[in-house]
1. Conditions: (1) surrounded by fewer than 21 Cβ atoms within 10 Å (Cβ to Cβ); (2) in a helix (DSSP H, G or I). Arg237 meets all but one. Number of the miss?
2. Picking from Asp230, Asp198, which residue would you name as being of a type outside the set (Val, Ile, Thr), open to solvent by less than 40 Å² (accessible area, probe 1.4 Å) and in contact with an Asp or Glu (Cβ under 8 Å, 6 or more places away or on another chain)?
3. Is there a residue being open to solvent by 50 Å² or more (accessible area, probe 1.4 Å), modelled with pLDDT of 95 or more and under 20 Å from the mean Cα position of the chain (by Cα) anywhere in the stretch 80-100?
4. Out of curiosity, is Ile281 under 24 Å from Lys170 (Cα atoms), among the hydrophobic types (A, V, I, L, M, F, W, C) and open to solvent by less than 10 Å² (accessible area, probe 1.4 Å)?
5. Do any helices (runs of 4 or more DSSP H) entirely within the stretch 153-217 hold 1 or more residues that are among the basic types (Lys, Arg), within 24 Å of Gly44 (Cα to Cα) and out of contact with any Leu (no Cβ under 8 Å at 6 or more places or on another chain), and if so, which?
6. Do we have Ala264 as aliphatic (A, V, I, L, M), under 23 Å from Arg84 (Cα atoms) and surrounded by fewer than 21 Cβ atoms within 10 Å (Cβ to Cβ) here?
7. If I filter the stretch 108-129 for residues that are within 27 Å of Pro279 (Cβ to Cβ) and open to solvent by 30 Å² or more (accessible area, probe 1.4 Å), do I get at least one hit?
8. Being touching a residue at least 12 places away in the same chain (Cβ under 8 Å), in contact with a His (Cβ under 9 Å, 6 or more places away or on another chain) and not aliphatic (A, V, I, L, M) is true for just one of Asn361, Asn303, Asn328, Asn285. Which residue is that?
Amino acid sequence: MVNLSATSQGLLGAVIFARHADRIESFSSPTTYATFNTFITPLGTNQAFQSGTFLRSQYLNQHSPSFISGISTDIVNIHEVLVRADSSGDGTVFQQSVSAVIQGLYPPTPDYRITLANGTTVVGALGGFQYIPIESVEMNEDVSLNGLLSCPNFDEHVAILEQSDLFLKKGEEARPFLQKLQPYLGGRPIDFQFMMWDLVDVQMQHNRTYLHEIPRGFVNQARVLADFHDGYAFSDRQPDGIGNIATRVMLPSIFSALTRIANASDPLKLAINGISYKPFISLFNLTEAIVTDPDVRGIENYNSLAALELRAAAISGGEPTLRLKFKNGTDQAEFRTLKMFGRTDVALSEFIAKLTPAAINSTAEWCAACNQTVLRGCGPA
């Protein structure tokens with residue numbers, strides 16, 4: 001039985017969601033959102049490392065109000081940190097990005113050394129580089145970090161949305177702009193239903209000619225349309241709706257990590273998940289963060305971070321509480337606090353109770369929710 005009463009003061013730990021940093025253009029299927037040939041750039045490694053440094057300043061700095069009580073600050077204790085990365089589709093970018101994040105969290109140190117039996121002292125390679133294990137979450141073995149791919153009911157959800165009056169009206173409003181944007185889409189068709197935002201965004205960052213040729217206002221207009229589309233596509237009115245599946249599959253691992261962090265006999269302090277932007281959208285929808293902060297509804301920027309911070313009980317024998325923090329990419333210097341269910345702090349038991357009905361707890365449940373009968377372990381045994 002887990003002891004959820006925390007007597008120590010301060011922060012017990014956190015579950016972190018880290019969107020990948022800058023990468024080359026993502027070549028995506030227009031019907032399944034599967035990607036391929038996507039790799040992090042040198043800029044991206046610096047951005048992700050910066051995120052890790054930021055997390056270090058928040059959680060491993062003893063002078064920070066968010067310092068995690070009892071955590072190892074310089075040399076990692078691998079039992080205190082759990083790192084997972086989505087490997088669905090072309091998951092290389094998630095692995096690369098979260099690797100750079102944890103390098104910033106626990107940078108090389110000459111204190112990472114060992115003295116051998118003969119008296120020789122050896123510092124770890126690369127100046128004391130700390131090799132922290134990353135669990136690769138493969139889509140055909142574990143659905144917990146990507147519930148979107150090969151999910152027929154999710155694809156149907158998006159198709160229905162795109163034929164709704166709301167989307168058709170928005171598409172008509174956007175048509176004059178999309179016609180002007182077409183020369184900057186590299187021959188791709190005008191299609192509001194599958195906005196070419198990724199092309200525009202990547203070319204603006206990495207193609208000097210494109211940067212100087214595309215009218216400035218076009219980029220912002222394209223982003224607004226993409227935010228509209230994906231804000232609806234990756235959320236749902238009902239917590240257990242298929243539009244929320246990107247986060248619904250993550251809920252059991254979130255519950256598990258938070259419960260472990262709350263348990264004083266378990267060493268876990270930080271659980272870090274390397275993911276795409278899509279679970280951010282459904283997380284903010286499921287927790288009702290978008291009600292008080294509607295600006296978080298759309299696509300999160302590269303290198304965005306969200307944290308579910310577990311805080312110690314305010315009184316002895318009380319229950320730990322959760323607080324949701326968000327940092328929208330590298331350009332934002334600090335976390336902002338988002339309200340969950342209309343409040344800044346929510347009891348851990350209440351958070352779990354509210355979201356448990358939406359949770360997808362196994363591959364079999366995912367298969368049923370998605371109406372998938374062949375792929376990703378859903379076929380006959």
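1. (2)
2. Just one listed residue meets the conditions, Asp198.
3. Yes, some residue in the stretch 80-100 is open to solvent by 50 Å² or more (accessible area, probe 1.4 Å), modelled with pLDDT of 95 or more and under 20 Å from the mean Cα position of the chain (by Cα).
4. It is true that Ile281 is under 24 Å from Lys170 (Cα atoms), among the hydrophobic types (A, V, I, L, M, F, W, C) and open to solvent by less than 10 Å² (accessible area, probe 1.4 Å).
5. Here the list reads 208-213.
6. Yes.
7. no
8. On inspection, the qualifying residue turns out to be Asn303.
The values are calculated or read from the model by the stated rules, or taken from the named source; none is laboratory data. From a predicted model like this one, the values you see are computed outputs, not experimental measurements. Using ideal geometry, Cβ is built from the backbone for each residue, glycine included, and neighbour counts are taken over all protein chains shown. Only protein heavy atoms, including side chains, enter the accessible area calculation; ligands, DNA and RNA are left aside. Shrake-Rupley method; radii C 1.70, N 1.55, O 1.52, S 1.80 Å.
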